[in-house]
Amino acid sequence: MILLQSPSRFLLQILQDRLLSPDKGVDLDCHSVEFDDVRYHIQFSMRNPQVVVLSVSLPIPPPEAIFFDGLPFGAIEAIKAAYGAVAQILDPPKDGYNLTMKLNLSKLPSDEEQRQALLVKIASVREVVLGAPLRFVLKNLATKTVAPEMDQLIALVHRPKESFFLLPQAEKVTVVYPMRFQDSTDIVLATSFLQELIESRRTAGLNNAPSCMWSPSPPFELKGAPAQALTANAGFVTFVIFPRHVEGKKIDRTVWSLLTFHAYVSYHVKCSEGFMHTRMRRRVESLIHALDRAKPESEKSKKLVSGKSFKRLSLNDARSNSNS
């Protein structure tokens, strides 16, 4: 299975190109949209080639998810910790965006490896901002503590007007996803995919993976959640995260995997649909070939009323004629 990457390839490529040729560039004003309606706006000007203005638009939060000045809890502190003197947060942000930063490329580290690592971190601004409250909760889990303001059910936005839920405790953090899909075929495939995911978790090789459960109805942990947040046509998925899952550098992977779990499922559902459509088309083509081979030559050429004859085209003949 394919895991989505944290850095935006769009942002990373633009930043790398600008560093390679800062004096040969041109004025740049680009927009990009990623999955779950995360949008970027990046601007360069040759009047100041070392400065980049980056604006980020996040998914519209549902009523149960709390934003502070348009950003999730702890996002400002996370940006300062991740980017240091390289990034300056502009207040207010540009119209239509939740965050606008001025990046000073001249303040990047001189060491090549450190500079590349920071560029990747800048391209991962989605994870830094949206994952800030999740990272805060998991860091407390690593020390087996619970912050006073985080001792109850927490709703975090991950898709437009949709959220997933955290229930922090000193020994574990329970994460619950209401799984929603618009297409009826997606609902069936996602339900089957999630049930198979639960079964695969029980194999011996995955004993250290987080506990995973699926249920068609809201689990007990969502008691007290708003009624509109408890509607899910593909059931509810629950993960239980323990301190061993957030030790050291494991926390980065855990934050990103939890933040993009719905997108991960959606991606594989669409891939499954494409695979099945391809198999069905190939099967139909093979049946048509079999029918063509089964027809005797006398039936393939028939007489018209006018006395002229015509020949029934096979699938290959029809394709070659259409291409010509």
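Below, the figures for the structure above:
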read-out: Number of positions in region 132-152 that are at pLDDT 90 or above and more than 18 Å from PHE242 (Cβ to Cβ); value: 2
read-out: Long-range neighbours under 8 Å by Cβ, at least six apart or interchain, first residue within 30 Å of ALA147 (Cα to Cα) within region 169-197, second charged (D, E, K, R); value: ALA170/LYS144; GLU171/LYS144; THR174/GLU221; VAL176/GLU221; PRO178/GLU162
read-out: Qualifying positions in region 201-238 - touching a Leu at 6+ places or on another chain (Cβ under 7 Å), under 25 Å from LEU189 (Cβ atoms) and open to solvent by 20 Å² or more (accessible area, probe 1.4 Å); value: TRP214, PRO218, LEU230
read-out: Long-range neighbours under 7 Å by Cβ, at least six apart or interchain, first residue in contact (Cβ under 8 Å) with a residue 60 or more places away in the chain within region 50-70, second basic (Lys, Arg); value: PRO59/ARG159; ILE60/LYS161; PRO62/LYS161
read-out: In region 211-231, residue farthest from LYS144 (Cα to Cα) [restricted to those that are at pLDDT below 90 and in a loop (DSSP other than H, G, I, E, B)]; value: THR231
read-out: Boolean, PHE275 is of a type in the set (Phe, Trp, Tyr), modelled with pLDDT of 90 or more and closer than 28 Å to THR185 by Cβ; value: no
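The values are calculated or read from the model by the stated rules, or taken from the named source; none is laboratory data. Just so you know, these numbers come straight off a predicted model, no measurement behind them. Heads up, the Cβs are rebuilt from the backbone with ideal geometry, glycines too, and the neighbour counts pull from every protein chain shown. Ligands, DNA and RNA are stripped out before the accessible areas are found, and what is left, the full protein with its side chains, is counted by its heavy atoms. Shrake-Rupley method; radii C 1.70, N 1.55, O 1.52, S 1.80 Å.
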